[in-house]
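Notes for the one structure printed next.
We did not get these values from a lab; they are worked out from the coordinates using the rules stated. On a predicted model such as this, the values are computed, not experimentally measured, just so you know. Methodologically, a virtual Cβ is constructed for each residue, glycine included, from the backbone with ideal geometry; neighbour enumeration extends over all protein chains shown.
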Amino acid sequence: MLSVRKARQEEFEVIMGIFRAAMEHCKGYADNIRIDTHAENKVMQSVLAKHGFSRRGIIYLKNGEPRTAFQWCGE
């Protein structure tokens, strides 16, 4: 029987593999990539940092909601 924790870990690893592949693909086409996320989304912020993105500050959407901005500028 598969535990919920093990299933979540396996799901997380699949998602990280997809993200890694997407970033490698994008980095092959662009030398400057910007991504924003909610301040509360610490998992996404950690993943971005692990893939070479730097925190750049806060941006605001048209509706006024803040987002934490990240940028990757070539390697």
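When you filter the trypsin sites (Lys or Arg not before Pro) in the stretch 40-75 for DSSP loop state and at most 13 other Cβ atoms inside 10 Å of their Cβ, you are left with 62.
Converting phi to 3J(HN,Hα) with the Karplus coefficients 6.51, -1.76 and 1.60 and the offset θ = phi - 60°, the stretch 8-19 yields 5, 5, 5, 4, 4, 5, 5, 4, 5, x, 5, 4 Hz in sequence order, with x at every glycine or proline.
Average projected area of the Cα convex hull of the stretch 4-72, in nm²?
That works out to 5.6 nm².
The 3J(HN,Hα) values that the Karplus relation (6.51, -1.76, 1.60; θ = phi - 60°) gives for the stretch 27-41 are, in residue order, 5, x, 10, 9, 10, 8, 10, 10, 9, 10, 8, 5, 4, 7, 7 Hz. Gly and Pro appear as x. Here the simple spin-label model places points 7 Å from the Cα toward Cβ, and for residue 60 and residue 9 these points are separated by 4.4 nm.
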